[in-house]
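A.B. asks: Pasting a structure below so you can have a look.
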Amino acid sequence: MAASRAVRIPRLHSAGAAAPTTMGTADLARERTAAAGTGATHGRRRNGAGTQRAVRLTICFLVALVAIYAGFALYDRGAPGGSAPALANGMLLFAAIFVAFAVFGSLYTLYPAPRALEVGEDHVTVVGRFGRRRRFPRLELLSVRVVRSYPAGWLAESPVELVEVWGEDTGVHGYLVETGLFAGAKTSPRAR
């Protein structure tokens, strides 16, 4: 029989360190807005609610597309002449069109929601959904116009906005972001 020995169990946090917490996206938006008011505007801002809305909208789109495809496939099998080979009755072409719509529709829905916003002293970088990085002038020189606001709901746990962002030497770019992500930028009149 083996002798028992002491086992050390590490602590999750020391007395001087803050305990790890979990925050919802609404808490993060409030914290980001409060930080912007105190001048702490540098760092990485995650686009949690914007990402959540884009992903859930993509899932809804794909479910609807699969239901339409399944309905047509079942109709084809039950219709007169439906027993013909898939190549002869066009189901293979229809399947290819379904895949193309699924891929391009998903990309189109996910693309406007960036992953994060990196705010530095002399520039702002928008980190796109698929890794593309777009650089803008510093936050105080950016203009932001809210095109559409979406309330919190089952697509996103906190409010989301579709915004247009531009700087002095940059074009206008549209993003789906959680409220307060561009806190500290100049706001332009709301689009009608």
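A.B. asks: Checking the a/c ratio against 1.5 first, then a/b against b/c, what shape does the Cα gyration tensor give for the stretch 43-192?
C.D. replies: Details: a/c = 3.43, a/b = 2.70, b/c = 1.27.
Because a/c hits 1.5 or more and a/b exceeds b/c, the stretch 43-192 counts as prolate.
A.B. asks: State whether the stretch 94-148 is rounded, prolate or oblate according to the following rule on the C-alpha gyration tensor (a ≥ b ≥ c being the square roots of its eigenvalues): a/c under 1.5 gives rounded; otherwise a/b larger than b/c gives prolate, and the remaining case gives oblate. Kindly include the intermediate steps, with their values, before the conclusion.
C.D. replies: On the way: a/c = 5.02, a/b = 2.59, b/c = 1.94.
The shape class here is prolate.
A.B. asks: Counting only DSSP beta bridges with both residues in the stretch 43-192, tell me the antiparallel percent, nearest 5. Working shown, then result.
C.D. replies: Working: 26 of 28 bridges.
Around 95 percent antiparallel, to the nearest 5.
A.B. asks: Let me ask something else. Sorted by mean Cβ packing within 10 Å, highest first, what order do the peptides 168-174, 48-54, 61-67, 142-148 take?
C.D. replies: Peptide ranking by packing, descending: 48-54, 142-148, 61-67, 168-174.
A.B. asks: Also: With contacts defined as alpha carbon pairs under 8 Å and 6 or more residues apart, what's the relative contact order of the stretch 43-192 in percent?
C.D. replies: 26 percent
A.B. asks: Quick one: which of 107-116, 158-167 comes out on top by average Cβ neighbours within 10 Å, and what's the full order, highest first?
C.D. replies: Those peptides, ordered most packed to least, come out 158-167, 107-116.
The numbers here are math on the coordinates, done by the rules we state, and not lab data. Fair warning: this is a prediction, and the values are worked out from it, not measured in the lab. Note: ideal-geometry Cβ built from the backbone for every residue, glycine included; neighbour counts use all protein chains shown.
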